[in-house]
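> Next up is a structure, given as structure tokens.
The values are calculated or read from the model by the stated rules, or taken from the named source; none is laboratory data. Computed from a prediction, not measured in an experiment: that's the story for all the values here. No Cβ is skipped: glycine too gets one built from the backbone with ideal geometry, and neighbour counts run over all protein chains shown.
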Amino acid sequence: MDLRAFLDALDGALLRVPQELSPEHEMAALLRAVEGRGLTVLFERVAGHPGARVAGNLLVTRRHVAIALNTEERHLEATYLKRKAQAQTTRTLPPEEAPVKEEVLTADGPLLSALPVLTHYERDAGPFITAGTVFAKDPETGRRGFGIHRMMVKGERRLGIFLANPPLAAYYARAEARGEPLEVAVALGVHPAVLVGAVVPENPTGPDKLEVTGALLGAPLELVPAETVDVEVPARAEIIIEGRVLPGHREPEGPMGENTGYYFTNHSPVLEVTAITRRRDFIYPALCPWGADVDVLFALAGGTELLGRLRALVPEVVDLELSPGTPGFSAVIAVRPCSPARVRRLIGLALHLDRRLKVVIVVNDDVDIRNPREVTWALATRFQPDRDTVIVPGLEGYVIDPSVGNTGVTAKLGLDATRGPGPEFDKITMPAAAIAKAEAVVESLLG
Ligand SMILES: Cc1cc2nc3c(=O)[nH]c(=O)nc-3n(C[C@H](O)[C@H](O)[C@H](O)COP(=O)(O)O)c2cc1C
């Protein structure tokens, strides 16, 4: 259950790159160039880092997540919801059984310069760690948690860390209120199911996110104590960065090309690195912001969570898709026939339940919500703006949305593009027998 086992399971969906490429822009450009082909990439030679390898586009399609969760693509959402309810207690391994302890780098020698951290976009302020899962404990209750947090390399042992979301942001706020640093450990090169676990919303009254990750893996998450901080880390990761997030200090972090498709700069806390442990022949994980990996991660954790909650409240809800390229800001929901008033209730629920969701389009289930052509067709032909628009002003905005500005407040929008009752809204179709025959002919001609 590690990154290597996942890469082995990918088979034809893995592209090995033997040419030497630089982590500065070149690797990110290649990742974006092949994401449309659904390829994970293993860079076998990294300029400036002899012996290191880099893997990216890990969750580039839904099929990749299905492989990570050991299920089939069509069962992905159902598997996620079922497994999530089957939390698994974590297991602690002795250090000698933990591959991530093969090499221990301490504060006297090179630390961050020993890792091939990628610089992605043209105006990025420097290299950013983007696939790091940051583990910590609540300084008051001891509850464990983790999340994906971007980190800017600022020196040999200094990272800027963007802490906007729970649970980590809350742990840091509590540590800071006590005037204490927050001890953290960043796991790099984890099994992709752990990346999915990182994006599952924290449920403060349920099992912790590490136990939920075990559920997604279908096996307990194996941990090992860190060397210099009081945090347990995934034993089968490729690399661990240990350190302390300093209290009462902020400095500029960014700009970095974000998951919104825009550069974003923040005043962020600083993580002082105390040690790095890693496998001898480690693989550094890349994740290109605003890329397909991000769409897939948000769709599976955020989208499926919301779908499950909405279905329980509005029985006509069939499916939900978070729109690619928007980090959870925009969604399309498919419903069985229901009244306009019911659709309005659904729109209100969706916009309020999900903090990030800002634009929601509701269509009927004769529309393929994963096909933008069909969604815009429904909008163009079934929607009347003055009758079918819901605007909710004055809600909490999301910090990386540039249109929110300094107020922190956003309006949200719902569009009811469901069909009217008459036959004029019936979609045109062809006879099933003709389609089947045509497919057979095409198959015989093209193979
Ligand atoms: C690719 C990716 C990058 C992320 N980067 C950050 C980040 O830099 N800072 C942050 O606070 N949250 C970031 N998040 C979100 C957190 O991991 C978040 O805790 C997680 O999505 C849980 O959802 P919730 O915020 O709805 O509870 C990122 C998520 C993804 C998928």
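> When Glu316 is evaluated against the numbered criteria (1) farther than 22 Å from Gly38 by Cβ; (2) within 13 Å of the ligand (Cβ to nearest atom); (3) at pLDDT 95 or above; (4) surrounded by fewer than 23 Cβ atoms within 10 Å (Cβ to Cβ), which criterion, by number, is the only one it fails?
(2)
> Using beta carbons and a limit of 8 Å, which pairs, at least six apart or on different chains, have the first residue in region 175-203 and of a type in the set (S, T, N, Q) and the second one away from the ligand (no atom under 12 Å from the Cβ) and part of a loop (DSSP other than H, G, I, E, B)?
Cβ pairs passing all conditions: none.
> When region 329-345 is examined, which residues are found to be away from the ligand (no atom under 16 Å from the Cβ), in contact (Cβ under 8 Å) with a residue 40 or more places away in the chain and closer than 26 Å to Val200 by Cα?
Once the filter is applied, which keeps residues that are away from the ligand (no atom under 16 Å from the Cβ), in contact (Cβ under 8 Å) with a residue 40 or more places away in the chain and closer than 26 Å to Val200 by Cα, region 329-345 yields Val332, Val335.
> (1) in contact with a Pro (Cβ under 7 Å, 6 or more places away or on another chain); (2) within 26 Å of Leu357 (Cβ to Cβ): which one isn't true of Val224, the others all being true?
Val224 satisfies every listed condition except (2).
> Can you find even one residue in region 34-41 that is part of a helix (DSSP H, G or I) and in contact (Cβ under 8 Å) with a residue 40 or more places away in the chain?
The answer is yes; a qualifying residue exists.
> Mind counting the residues in region 273-313 that are more than 12 Å from the ligand (Cβ to nearest atom) and in a strand (DSSP E or B)?
Residues in region 273-313 being more than 12 Å from the ligand (Cβ to nearest atom) and in a strand (DSSP E or B): 8 in total.
> Can I ask one more? Does any residue of region 88-107 turn out to be closer than 26 Å to Arg280 by Cα and modelled with pLDDT under 95?
yes
> Which of the residues belonging to region 168-189 are part of a strand (DSSP E or B) and more than 15 Å from the ligand (Cβ to nearest atom)?
Matches in region 168-189: Glu183, Ala185.
> May I ask you to list the residues in region 238-257 that are within 21 Å of the chain's Cα centre (by Cα) and either surrounded by fewer than 23 Cβ atoms within 10 Å (Cβ to Cβ) or among the hydroxyl-bearing types (Ser, Thr, Tyr) (or both)?
Gly254, Pro255, Gly257
> Looking at (1) within 14 Å of the ligand (Cβ to nearest atom); (2) crowded, with 18+ Cβ neighbours inside 10 Å; (3) in contact (Cβ under 8 Å) with a residue 24 or more places away in the chain, find the lone condition where Ala235 falls short.
Going through the list (1) within 14 Å of the ligand (Cβ to nearest atom); (2) crowded, with 18+ Cβ neighbours inside 10 Å; (3) in contact (Cβ under 8 Å) with a residue 24 or more places away in the chain, Ala235 breaks only (1).
> Check region 280-294 and report whether any residue there is among the acidic types (Asp, Glu), crowded, with 24+ Cβ neighbours inside 10 Å and either farther than 22 Å from Arg83 by Cβ or within 21 Å of the chain's Cα centre (by Cα) (or both).
yes
> Give the residues of region 190-217 that are touching an Asp or Glu at 6+ places or on another chain (Cβ under 7 Å) and more than 15 Å from the ligand (Cβ to nearest atom), sorted by residue number.
Across region 190-217, the qualifying residue is only His191.
> Restricting to region 103-120, and then to whatever is surrounded by 16 or more Cβ atoms within 10 Å (Cβ to Cβ) and in a strand (DSSP E or B), can you tell me which residue is nearest to the chain's Cα centre (by Cα)?
Within region 103-120, the match that is nearest to the chain's Cα centre (by Cα) is Thr119.
Let's see how each residue does on (1) surrounded by 17 or more Cβ atoms within 10 Å (Cβ to Cβ); (2) closer than 26 Å to Asn203 by Cβ:
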site: Val60; (1), (2): yes, no
site: His75; (1), (2): no, yes
site: Arg83; (1), (2): yes, yes
site: Lys101; (1), (2): yes, no
